[in-house]
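To keep things clear, I will list the structure first and then write my remarks on it.
The values are calculated or read from the model by the stated rules, or taken from the named source; none is laboratory data. This structure is a prediction, so every number in the text was calculated from the model and none was measured. Because the Cβ atoms are built from the backbone with ideal geometry, glycine has one as well, and the counts that use them run over all protein chains shown.
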Ligand SMILES: Cc1cc2nc3c(=O)[nH]c(=O)nc-3n(C[C@H](O)[C@H](O)[C@H](O)COP(=O)(O)OP(=O)(O)OC[C@H]3O[C@@H](n4cnc5c(N)ncnc54)[C@H](O)[C@@H]3O)c2cc1C
C-alpha cells in the first residue's frame, strides 16, 4: 500500500526554539504540528539573557511587546573581580545605529514559552500536542513517519512532509538520524541559583561577570511574577564533590556570600546543578530532517549564546523551508541552512563561549592581568567598545552567517 503523508511540517520539542520555529513557519503559510514529550511546559530556570538579533526575530513574529511587558531591559554589563572592583563596564547604547534594540533583555525562558504558545494558539494551521514523546522515525521519498508514545506510554505514529528536531541536547531525532554530536564535556558542573535579595545595593549592574580561577560567577538580575528581585547567580563546582555536597544549603550560602562582595547572608530561592558541554551536530540537515537549537549545538552559558543561537536557527530554517514548501526554491536551499547556521555556531558560539570561560576563570596571574587590562582598554575606547559589542551581542555573527552561500 502506498503511504500517504499529512501536508505539514512536524516539529519535535515544544521548548522555546521549537515553538519559535513553528510560529515562524506557520506565519509563512506552512502548516505545523509540534510534538512535546512533557505534559506541561518545562519550568527549569535556564536561558534568561537575550541579544538584539533575537529581539528582532521576536518582534517580526509579533510577540516582543508581550515579552517586553514581563522582562527587563539591560543597558550595560560589567566584568568585576571578587573583591568588588570593576574591570570593565560596557554600555550597549553604542549599538544604537546597528539595531533597534541596543540592550540585552532578561526574561527566564520558562516565561517566554507561554507567550509563544499563546501566539501559536491563534494560528489555525498550527497545533501543539503535549504528552507526545517521539521515539524514532522513518524517512521516505515524500515524507516522514514519526513514532511516538503518548502520556500513558501507548505507542503510535503520524506523518508529515518534513521533520524538525528541536528536542534539546539529548535529541532523539538527532540520535535516530545517526548524526554525531561532536565536542566535549567540561569537568566542572555549574550551580544555578535564584536569590530574593537586592544585589544592586552591593554595586552590581544587571549583568555581571565576576572573574576568579575557581570561584567565578555570573550574576544577572531577573524578577519574579510580582516584579520582585530574583537574581540568577551561576558558579562552577569542584569536580571532586558530589551533587549532594555541592547543593548542601550551607555550601551554597558560603559560595554565594564569597562572590557577592559585601553580603553576609543571602536568601536562596532555588539551587540546581547542570553539566556543561561544547558540542555541535555533524550535520544540521539530512534529507527531510533538520536540527535546530540545543538538538544541533550546546555550549557553556557564558555570554548567553545557546538559546539566542537557536532562535537564529529557527528563523533561518523557517524562511528556507517555507520557500521549499511554496515551490519558490528546491530543497538544496536547506543545505544552505546547514552551511550558514553550523558554520556560525562553530566559528562564533563555540569559540566565543570558550573564550569567555577562559576570560572568567584564567589561572595564570600574568595572563589574567594582561587580559583584564586589555578589556578595560576596550571598554574605555568608544570605537573598540562598539566592535566588541557587535561581536558579543551576536550582531556580527548573524550578519556573517547571512553572507554564506
Ligand atoms: C544555566 C543555564 C543558563 C543558560 N543561559 C542562557 C542565556 O542566558 N542565553 C541563552 O541564549 N541560552 C542560555 N542557556 C541555553 C538555553 O537554555 C538553551 O539553549 C535552550 O533551552 C535551548 O532551547 P531548545 O528549545 O533548543 O531546547 P530545550 O529548551 O531543551 O527544549 C527541548 C524540548 O524538547 C522536548 N523533548 C525532548 N525530547 C523529546 C522527544 N523525544 N519528543 C518530544 N519532545 C521532546 C523537551 O521536553 C523540551 O520541552 C542556558 C542554559 C543553562 C543550562
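Remarks
- Qualifying residue in the range 284-300 (condition: outside any strand (DSSP E or B) and more than 19 Å from residue 167 (Cβ to Cβ)): yes
- Condition check for residue 94: away from the ligand (no atom under 16 Å from the Cβ), surrounded by 19 or more Cβ atoms within 10 Å (Cβ to Cβ), at pLDDT 95 or above and not in a strand (DSSP E or B): no
- Qualifying residue in the range 176-184 (condition: at pLDDT 95 or above, under 30 Å from residue 325 (Cβ atoms) and within 10 Å of the ligand (Cβ to nearest atom)): yes
- Flag for residue 110 being surrounded by fewer than 20 Cβ atoms within 10 Å (Cβ to Cβ) and over 15 Å from residue 207 (Cβ atoms): yes
- Restricted to the range 336-405, the set of helices (runs of 4 or more DSSP H) holding at least 1 residues that are in the same structural domain as residue 307 (by TED's automatic domain parsing) and either in contact with a strand residue (DSSP E or B) (Cβ under 9 Å, 6 or more places away or on another chain) or closer than 22 Å to residue 51 by Cα (or both) comprises 351-361.
- Residue check for residue 247: closer than 17 Å to residue 272 by Cβ and either over 22 Å from the mean Cα position of the chain (by Cα) or touching a residue at least 24 places away in the same chain (Cβ under 8 Å) (or both): yes
- Residues of the range 1-55 that turn out to be under 29 Å from residue 230 (Cα atoms) and assigned to a loop (DSSP other than H, G, I, E, B), as a count: 17
- Residues of the range 263-283 satisfying the condition of being out of contact with any helix residue (DSSP H, G or I) (no Cβ under 7 Å at 6 or more places or on another chain), assigned to a strand (DSSP E or B) and more than 13 Å from residue 179 (Cβ to Cβ): 269, 270, 272, 274, 277
- Being on the phi > 0 side of the Ramachandran plot, buried (at least 21 other Cβ atoms within 10 Å of the Cβ) and touching a helix residue (DSSP H, G or I) at 6+ places or on another chain (Cβ under 8 Å) holds for only one residue in 13, 29, 18, and it is 13.
- Selection within the range 1-44 - within 12 Å of the ligand (Cβ to nearest atom) and in contact with a strand residue (DSSP E or B) (Cβ under 6 Å, 6 or more places away or on another chain): 10, 11, 12, 14, 18, 21, 22, 33, 34, 35, 37
- Only one of the numbered conditions (1) within 22 Å of residue 207 (Cβ to Cβ); (2) more than 8 Å from the ligand (Cβ to nearest atom); (3) buried (at least 23 other Cβ atoms within 10 Å of the Cβ) is not met by residue 259, and that is (3).
- Taken together, the residues in the range 115-138 that are in contact (Cβ under 8 Å) with a residue 24 or more places away in the chain, surrounded by fewer than 16 Cβ atoms within 10 Å (Cβ to Cβ) and closer than 21 Å to residue 295 by Cα amount to 4.
- Enumeration of residues in the range 269-298 that are surrounded by fewer than 22 Cβ atoms within 10 Å (Cβ to Cβ), within 13 Å of the ligand (Cβ to nearest atom) and within 30 Å of residue 225 (Cβ to Cβ): 270, 271, 272, 273, 274, 275, 276
- The set of residues in the range 192-222 being part of a loop (DSSP other than H, G, I, E, B), more than 15 Å from the ligand (Cβ to nearest atom) and closer than 19 Å to residue 105 by Cβ consists of 204, 205.
- In this structure, residue 23 does not satisfy being more than 28 Å from residue 356 (Cα to Cα), surrounded by fewer than 23 Cβ atoms within 10 Å (Cβ to Cβ) and at pLDDT 95 or above.
- Restricting the range 61-91 to residues that are within 19 Å of residue 24 (Cα to Cα) and without any contact (Cβ under 8 Å) to a residue 12 or more places away in the chain, the residue that is surrounded by the fewest Cβ atoms within 10 Å (Cβ to Cβ): 65
- In this structure, residue 121 does satisfy being closer than 29 Å to residue 321 by Cβ and out of contact with any helix residue (DSSP H, G or I) (no Cβ under 7 Å at 6 or more places or on another chain).
- Which numbered condition residue 252 fails, given (1) in contact with a strand residue (DSSP E or B) (Cβ under 7 Å, 6 or more places away or on another chain); (2) more than 16 Å from the ligand (Cβ to nearest atom); (3) touching a residue at least 60 places away in the same chain (Cβ under 8 Å); (4) in a helix (DSSP H, G or I): (2)
- Conditions (1) in contact with a strand residue (DSSP E or B) (Cβ under 8 Å, 6 or more places away or on another chain); (2) modelled with pLDDT of 95 or more; (3) within 16 Å of the ligand (Cβ to nearest atom): number failed by residue 87: (3)
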